[in-house]
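Comments concern the structure below.
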Amino acid sequence: MRGRPAMLLLVAAALFAGGAAPPPAMPHPAPNARAADNTACEGCHVEIAAEWRQSLHRSAFTDATFQRAFAIDPDPFCRDCHAAESDPKLGVACVTCHVTNADVLAMPGERRAPHPLTRSPEFATEAACARCHEFDFPDAHLRKAPLAMQRTLSEHRHPGAARETCASCHMTKRGGHADHRFAASRDDAFVKSAVSVRAKRSSATTIEVSLAPARIGHAFPTGDLFRRVRISAAGSNRYLARHFGSRQEIPGVFVRSEIGDDRVLGGERVVVMTVPPDKTRVRVVYERAEAPSDPAFSSARVAGAIDLFDAEL
Ligand code: HEC
Ligand code: HEC
Ligand code: HEC
Ligand code: HEC
Ligand code: HEC
């Protein structure tokens, strides 16, 4: 932490001007609404800024996976969350989460700061994440009912999901402050901590694979619609995922439609597969798939994978 009084004055003038504060809005998609200088936050909160620079929040727009998807579907709506500030390179910035309609939003606490703070108990809950981590496809007018593109918050409310807040798992304390790296899908150990996987031969020609939720606060996997778990044995694959097809909900208009969801949520998921009687390699892999060109999911490019289980049975 370094003091920067001159910079603070600039920030104060830009951010904290205004009259009586309305109740603080929680962080939300708001493309280019706040031109505030993020550099000032980074200049004082040096360690948190270093963490944030490694995070997918920072690279939400520049990240290669996002760019490939955006090239297929360059809908301006994507920018609401992935390029929330006037400089898209900032992705989801300090100011996106901390400067909504309030002074700097913070969770309850006693520490004094050289700038005004709006301390809100709500900011210390999943409300701080809700409006970006749960949202519908933008084509609701082409459907009978809107379809969730992501629904991590609804999953979080499932009675079988861990009751802790998002931050208690995703922003654990590091160097005395809440970790701002938000590591998840690229962190092998963290992904492995989500489920416990067992597999056994249930008969001469079948194997039984079971995935039980461990420390996880939503479905496994969650988030982006093409995340999946691949179970493979004897040359065939089973995918645990949200499954999509193409359907007409309004006559003449085909839309992507959800036809099934067999991810792990709230209880054990058991999959039985037929295999030859001789030794068979069984693998369970978490995959970050990208938009598949066939509804069966097999043609999708896999941008990243983490082994959860690999053994001969
Ligand atoms: C002049 C330096 C300076 C600038 C600029 C600055 N901060 Fe701070 N901020 C501090 C100090 C010092 C504290 C006291 C607590 C601490 O050390 O973290 C603080 C406290 C906070 C807290 C509350 C921590 C708690 O106790 O709960 C938050 C959140 C915060 N700042 C975010 C920001 C954001 C976001 C920006 C940019 C909009 C920003 N700050 C700009 C120096 C600064
Ligand atoms: C302004 C919108 C916004 C808010 C608010 C927000 N996020 Fe995100 N978050 C994103 C976007 C966009 C990405 C995806 C970045 C990418 O990979 O392109 C993301 C990525 C993540 C990731 C990394 C996922 C992965 O695949 O590894 C985690 C973890 C995460 N967010 C947790 C949180 C938590 C916890 C909160 C609340 C404290 C929160 N986010 C608030 C927009 C937001
Ligand atoms: C995705 C939303 C998000 C982004 C981006 C983000 N923060 Fe935070 N920040 C939070 C939340 C939520 C908390 C409260 C965490 C908790 O409940 O422990 C927090 C906590 C803090 C704290 C208090 C930490 C502590 O434990 O004392 C500071 C200071 C802070 N943020 C500064 C920043 C700065 C500076 C940046 C940019 C470099 C930034 N934040 C980016 C959501 C965000
Ligand atoms: C009890 C701990 C826990 C809680 C609570 C929790 N998560 Fe997670 N989260 C995890 C673990 C472990 C992973 C890694 C496994 C995975 O990738 O699904 C993860 C992964 C993610 C991912 C990456 C997507 C994926 O599946 O690859 C996102 C995004 C995310 N969490 C957001 C959230 C949000 C938003 C909340 C609050 C609504 C939340 N998490 C609550 C433990 C938790
Ligand atoms: C309301 C906020 C929001 C909107 C709008 C949005 N996204 Fe996202 N996006 C997220 C969040 C949150 C994540 C993180 C989930 C995860 O990592 O699994 C994410 C993750 C992704 C990922 C995975 C990135 C990675 O690095 O693994 C891709 C690809 C993506 N979004 C593409 C898009 C496209 C294309 C659009 C527009 C059609 C879009 N998103 C619109 C919030 C949003």
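The values are calculated or read from the model by the stated rules, or taken from the named source; none is laboratory data. Computed from a predicted model, the values in this text were never measured in an experiment. Cβ atoms come from the backbone with ideal geometry, glycine included; neighbour counts cover every protein chain shown. Remember, those area values only see protein heavy atoms, side chains included, never the ligands or the DNA or RNA. Shrake-Rupley method; radii C 1.70, N 1.55, O 1.52, S 1.80 Å.
For the chain, what is the calculated [θ] at 222 nm in deg cm²/dmol (nearest 500), taking -39500 (n - 2.57) for each run of four or more DSSP H residues and dividing by its residue count? Before the final figure, lay out each step's value.
Values: 10 runs with 66 residues, N = 313.
Calculated at 222 nm, the ellipticity per residue is -5000 deg cm²/dmol.
For a paramagnetic label modelled at 7 Å from the Cα of Lys192 toward its Cβ, which residues of segment 204-227 fall within the zone defined by backbone nitrogen distances under 20 Å? From segment 204-227, the list is 209-217, 220-222.
When a/c reaches 1.5 or more, the comparison of a/b and b/c decides; with that in mind, is the chain rounded, prolate or oblate per its Cα gyration tensor? Walk me through the numbers before you get to the answer.
Details: a/c = 2.38, a/b = 1.75, b/c = 1.36.
Taking the square roots of the gyration eigenvalues as a ≥ b ≥ c, the chain is prolate.
Using Cβ point charges alone (K and R +1, D and E -1), the dipole size of the chain about the Cα centre works out to roughly 540 debye.
Classification of segment 132-313 by its C-alpha gyration tensor yields an oblate form. The axis ratio a/c (a ≥ b ≥ c) is 1.5 or more, and b/c is at least a/b.
For segment 24-66, just say rounded, prolate or oblate: build the C-alpha gyration tensor, square-root its eigenvalues into a ≥ b ≥ c, call rounded for a/c under 1.5, and beyond that prolate if a/b exceeds b/c, oblate if not. Please report the intermediate quantities before stating the final value.
On the way: a/c = 1.81, a/b = 1.03, b/c = 1.76.
In terms of gyration-tensor shape, oblate.
What's the local net charge at Met107, with K and R +1, D and E -1, over the other residues with C-beta under 13 Å away? My count for the surroundings of Met107 gives 0. Since only Ala184, Pro213, Ser203 are under comparison, the one whose Cα sits farthest along the positive direction of the charge dipole of segment 175-251, derived from C-beta charges on Lys, Arg, Asp and Glu, is Ser203.
Zone of Glu42 (label point 7 Å along Cα→Cβ, backbone N under 17 Å): which residues in segment 79-99? Of the residues in segment 79-99, 83-99 have backbone N under 17 Å from the label point off Glu42.
Rounded to the nearest 5, what is the percent of antiparallel bridges among the DSSP beta bridges in the chain?
Values: 49 of 52 bridges.
Among the beta bridges of the chain, antiparallel pairing accounts for roughly 95 percent.
Residues in segment 43-86 average 51 Å² of solvent-accessible surface per residue, probe 1.4 Å, ligands and nucleic acids excluded. Counting heavy atoms of the protein chains alone, Leu265 has an accessible area of about 60 Å² for a 1.4 Å probe. Computed from the C-beta positions of Ala64 and Met149, the FRET efficiency with R₀ = 22 Å rounds to 0.65.
Here the peptides 184-195, 82-93 are ranked by packing, the mean other Cβ count within 10 Å, and the order with the highest first is 82-93, 184-195.
Hey, got the dipole for segment 132-313? About the Cα centre, +1 on K and R Cβ, -1 on D and E Cβ, debye to the nearest 20? It would help to have the intermediate numbers written out before the result.
On the way: 28 positive and 22 negative charges, 55 e Å.
With Lys and Arg at +1 and Asp and Glu at -1, about 260 debye.
In this structure, the amide hydrogen of Asn101, modeled 1.01 Å from its nitrogen in the peptide plane, lies closer than 5 angstrom to those of Ala25, counting only residues at least 5 positions away or on a different chain. Annotation: amide H-H contacts under 5 Å for Val264 (H modelled 1.01 Å from N, sequence separation of 5 or more, or interchain): Phe220.
Taking θ as phi - 60° and the Karplus parameters 6.51, -1.76 and 1.60, the scalar couplings of segment 221-233 work out to x, 10, x, 3, 5, 9, 5, 7, 10, 9, 10, 10, 7 Hz in sequence order, x denoting glycine and proline. The GNM of the chain, with springs linking C-alpha atoms under 10 angstrom apart, assigns the highest mean-square fluctuation among Ala49, Ala204, Ala102 to Ala204.
Expected output is a single nm value to one decimal: the length gained when fully extending between Thr205 and Leu313, i.e. 0.36 nm times separation in residues minus the C-alpha distance. What is it? Could the numbers behind the result be given before it?
Numbers: separation 108, 0.36 × 108 = 38.88 nm, distance 1.10 nm.
That pair, Thr205 and Leu313, stretches by 37.8 nm at full extension.
Each of Met171, Phe226, Ala25 was scored by the projection of its Cα onto the charge dipole of the chain, and the greatest displacement toward the positive side belongs to Met171; charges sit on the C-beta of Lys, Arg, Asp and Glu.
With K and R counted +1 and D and E -1, the other residues having a Cβ less than 12 Å from that of Ile250 yield a net charge of +1. Taking amide H as placed 1.01 Å from N in the peptide plane, Ala234 has its amide H under 5 Å from the amide H of Arg281, each at least 5 places away in sequence or on another chain. The modelled label-to-label distance between Met107 and Asp139, using points 7 Å beyond Cα along the C-beta direction, is 3.9 nm.
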